[in-house]
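The structure under discussion appears below in the form of structure tokens.
Read-outs: derived from the displayed coordinates by stated rules, not from any lab. Keep in mind that what you see is a predicted model, and the values were worked out from it rather than measured. Neighbour counts run over all protein chains shown; Cβ positions are idealised from the backbone, glycine included.
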Amino acid sequence: MDKKNMLRYWRNVRRLTLKLLDEFPADSFDFRPAPEIMTVSQLFKHIIQVEIYIREGFLTDEWKQPPEMTHNLFEKEMIRDKLKLENRKTIELLSEEPDGRFMKVRPTPFGELSGEILIQVAIDEEIHHRGNLYTYLRCLGKVPPQMIHDYGDILKESDNDQ
């Protein structure tokens, strides 16, 4: 898949993550099904941190952990805004990368990878943790949103759609 379509796909992945976020009651962000696993809030924040980590590592070749996101009284709204902002920023910055640099294989903490594969790592990480969050919603007695979409429409979207 070329860069433009991969970024469109990621935008679609993020839309579903945002729909999932909307299903969580505002008072459930400290919920975890077992003591040794992440809370709802920690999982959403982890998705954001992985995106920033991969984006900044790719763009700068410096692999630094992003700062921890703090707990907030308006947790749900803060996470929603941050999910939108960071994905918009990632898509914008990676769209500007020349294809040659984007496809170049480089050393990363995940092995020798191209920008294309790094994006797939970030998307996989988001989908993986979104699966965890689907289970959390079920534990809370909620029905998660359907993830079935008309995937053919992804390629018809305008570049400005978010």
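Rounded to the nearest 500, what is the 222 nm mean residue ellipticity of the chain from helices alone, with -39500 (n - 2.57) per DSSP H run of 4+ residues and division by all residues?
Computed mean residue ellipticity for the chain: -20000 deg cm²/dmol.
The candidate values were (1) 47, 36, 24; (2) 37, 37, 29; (3) 57, 31, 27; the one computed from these coordinates for Cα extents along the principal axes in Å carries the label (1). Cross-link check: pairs Lys64/Lys142; Lys89/Lys142; Lys3/Lys76; Lys4/Lys84 evaluated at a Cα-Cα cut-off of 29 Å; pairs beyond the cut-off: Lys64/Lys142; Lys89/Lys142; Lys3/Lys76.
Only aspartates and glutamates eight or more places from Lys19 in sequence, or on another chain, were considered; those with a Cα closer than 15 Å are Glu77, Asp81, Glu126.
Just need the relative contact order of the chain here, percent rounded to a whole number, with Cα pairs under 8 Å and 6+ apart. Working shown, then result.
Numbers: 135 pairs, mean separation 58.3, N = 162.
Taking the mean separation of contacting Cα pairs over the length of the chain, I get 36 percent.
For Leu113, the residues whose amide H sits under 5 Å from its own are Arg106, Thr108, ignoring neighbours fewer than 5 places away on the same chain, with H placed 1.01 Å from N.
Applying 1/(1 + (r/R0)^6) with R0 = 30 Å to the Cβ-Cβ distance of Glu116 and Lys19 gives a FRET efficiency near 0.70.
Want the number for His46 to Asp2: 0.36 nm per residue separation, take away the alpha-carbon distance, what's left? Walk me through the intermediate numbers first.
On the way: separation 44, 0.36 × 44 = 15.84 nm, distance 2.64 nm.
Between His46 and Asp2, full extension yields an extra 13.2 nm.
Distance between the 7 Å Cα→Cβ label points at Ile127 and Lys84: 2.5 nm.
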